[in-house]
Amino acid sequence: MTIAAKYKEIASVESTYFSGKKIGVKITLLAPFDLSEDDEYWVGNQCEKIMEHLEHEADKRDPKTIAAIVEEKKDLLACFESPIHAKAVKNEYGETPHFPWFKVTTSRGVIKIGWRSRVINIDWSESDIKGLAKELFPSEDVTKEDQYIHAWDYDKAKEYISVLMAVK
């Protein structure tokens, strides 16, 4: 007589990704021993990692996401009067990793630009533009450190980049 195996659900997670579609992961386990709290915690973390990967992959393939990425690139590059070259680079803010940032080559060197949650991060540390953000933008009430500043919208980003390009 065969006894039916009994699987135990260890972890599950479900979410709605960028396009509004649902995705989920459930891990069930058949083991000849009871899992410790640490084991269950580890399995739960792996479930979360699988989910993050699948969400990222689903978003990358979604036509709405692809169109939004193209539009965002166009809008970010429009902040520059005359960019020479733009290279997509890894998003440095994990909230929307499939939306790249850009290293934009200008006549003054490279300026990195990309959305960071609700603001646009502008970093000129790889350029020949001298001056710290606090010196160049003293009256702006935004995050500004060393050679980067956050802009609340595309108009402000364009304004900040114009200032940077005019620095002697």
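Select from the stretch 106-129 the residues that are outside any strand (DSSP E or B) and not polar (S, T, N, Q) and list them in ascending order. Quick ask: steps written out before the conclusion?
Of the residues in the stretch 106-129, the ones outside any strand (DSSP E or B) are 107-108, 117-118, 128-129.
The answer is ARG108, ARG118, ASP128, ILE129.
Would you please name the residue that is modelled with the lowest pLDDT, looking only at residues in the stretch 29-70 that are part of a helix (DSSP H, G or I) and among the polar types (S, T, N, Q)? Steps first, please.
First, the residues of the stretch 29-70 that are part of a helix (DSSP H, G or I): 37-61, 63-70.
Pick out the ones that are also among the polar types (S, T, N, Q) and you get 45-46, 65.
Details: ASN45: 95, GLN46: 95, THR65: 84.
My answer is THR65.
Can you find, within the stretch 117-144, the residue that is farthest from the chain's Cα centre (by Cα) among those that are closer than 17 Å to LYS90 by Cα and buried (at least 19 other Cβ atoms within 10 Å of the Cβ)?
Per the criteria, the residue is TRP124.
Any idea which of (1) within 19 Å of HIS56 (Cα to Cα); (2) modelled with pLDDT of 85 or more is the one PHE18 doesn't satisfy?
(2)
Is there any pair with a first residue in the stretch 157-168 that is within 15 Å of VAL142 (Cα to Cα) and free of Cβ contacts under 8 Å to residues at least 12 places away in the same chain and a second that is of a type in the set (Lys, Arg) and in a helix (DSSP H, G or I) whose Cβ atoms are under 7 Å apart and which are 6 or more apart or on different chains, and what are they?
From residues that are within 15 Å of VAL142 (Cα to Cα) and free of Cβ contacts under 8 Å to residues at least 12 places away in the same chain, there are no pairs.
Just checking, how many residues over the stretch 35-90 are in contact with a Lys or Arg (Cβ under 9 Å, 6 or more places away or on another chain) and in contact (Cβ under 8 Å) with a residue 40 or more places away in the chain?
Residues in the stretch 35-90 being in contact with a Lys or Arg (Cβ under 9 Å, 6 or more places away or on another chain) and in contact (Cβ under 8 Å) with a residue 40 or more places away in the chain: 6 in total.
Of the numbered conditions (1) under 18 Å from TYR154 (Cα atoms); (2) under 23 Å from the mean Cα position of the chain (by Cα), SER82 satisfies every one except a single condition; which is it?
SER82 satisfies all of (1) under 18 Å from TYR154 (Cα atoms); (2) under 23 Å from the mean Cα position of the chain (by Cα) except (2).
If you check LYS103, LYS158, LYS73, which single one turns out to be over 28 Å from GLY24 (Cβ atoms), basic (Lys, Arg) and part of a strand (DSSP E or B)? Explain how you work it out, then say what you get.
Numbers: LYS158 fails: part of a strand (DSSP E or B); LYS73 fails: part of a strand (DSSP E or B).
Residue meeting the stated conditions: LYS103.
The values are calculated or read from the model by the stated rules, or taken from the named source; none is laboratory data. Values in this document were obtained by computation on a predicted structure and should not be read as measured data. Counting neighbours? That spans all protein chains shown, and the Cβs are built from the backbone with ideal geometry, glycine included.
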